[in-house]
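Comments concern the structure below.
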Amino acid sequence: MIIVSLTAALLAGLYIYLSFYVIGLRRRHRVALGSGGHTDLERAMRVHANFAEYVPFALVLLTLCALRGLPEALLAPLCAALVIGRALHAYGVAQDNENFRFRTVGMIASFGVLAGAAVCLVVLAIRG
C-alpha cells in the first residue's frame, strides 16, 4: 500500500495545484461561475475537471490491486504512469497553443492504467 499511498499523495498535490490555478484565474478575470468567455480559465477548468473525473477511479482500482496482492513490480509502473500521465495531460491542455502530444500521451497513460489495473484485478480474482 506504500506505493499507492505515495501516488495518492502526489496526485493530491497536483489536484491542489490545479485547484489554486483555477481560483487564481477566477480572481484575475473576476468570474465566479463558468469561464466568462476566458479561454485560459476554460482550459484550466477542464484540466481540473478531467483530473477529478479520472484519478479517483484509477486510485480505487490501484488500491484494490494492492489489497489483492499485485506484486510491486507491476503496481509501481501503473502508479508512475498515472502520475506522469495526469501531469502531461494537465500541461498539454492548459497551454493556449496546445501541443496535442502531451494531451494524447497523458490520456493514453491514464486509460492504460485503468485498463491495466482492471485486467490485473480480473486475473487476481480468477486465481483466487
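Below, the figures for the structure above:
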item	result
Whole-number percent relative contact order across the chain, with pairs defined as alpha carbons under 8 Å at least 6 apart	27
Per principal axis, descending, Cα span of the chain in whole Å	55, 25, 18
GNM result for the chain, Cα springs below 10 Å: residue of 29, 48, 89 fluctuating most strongly	29
Exposure proxy ranking, count of Cβ atoms within 10 Å, fewest first, for 105, 113, 83	105, 83, 113
Residues residue 40 and residue 115, FRET efficiency given R0 of 30 Å [Cβ-Cβ distance, rounded to 0.05]	0.40
Extended-chain gain in nm, criterion 0.36 nm per residue less alpha-carbon gap, residue 10 and residue 29	3.9 nm
Inter-site label distance for residue 1 and residue 125 at 7 Å from Cα along Cβ, in nm	2.2
Length-normalised contact order for the stretch 34-97 - Cα pairs under 8 Å, 6+ apart - percent	53
Order of 28, 103, 86, 46 under a 10 Å beta carbon neighbour criterion, fewest first	28, 46, 103, 86
In Hz, Karplus ³J(HN,Hα) per residue of the stretch 63-72 (6.51, -1.76, 1.60; θ = phi - 60°; x = Gly, Pro)	5, 4, 4, 5, 5, 7, x, 4, x, 4
Karplus (6.51, -1.76, 1.60) ³J(HN,Hα), θ = phi - 60°, over the stretch 39-54, in Hz, Gly and Pro reported as x	5, 5, 5, 4, 5, 4, 5, 5, 4, 4, 5, 4, 4, 5, 7, 9
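None of the figures in this text is laboratory data; all of them are computed from the coordinates on show. Everything quoted here is computed from the prediction, not taken from an experiment. FYI the Cβ positions are ideal-geometry reconstructions off the backbone, even for glycines, and counts take in every protein chain you see.
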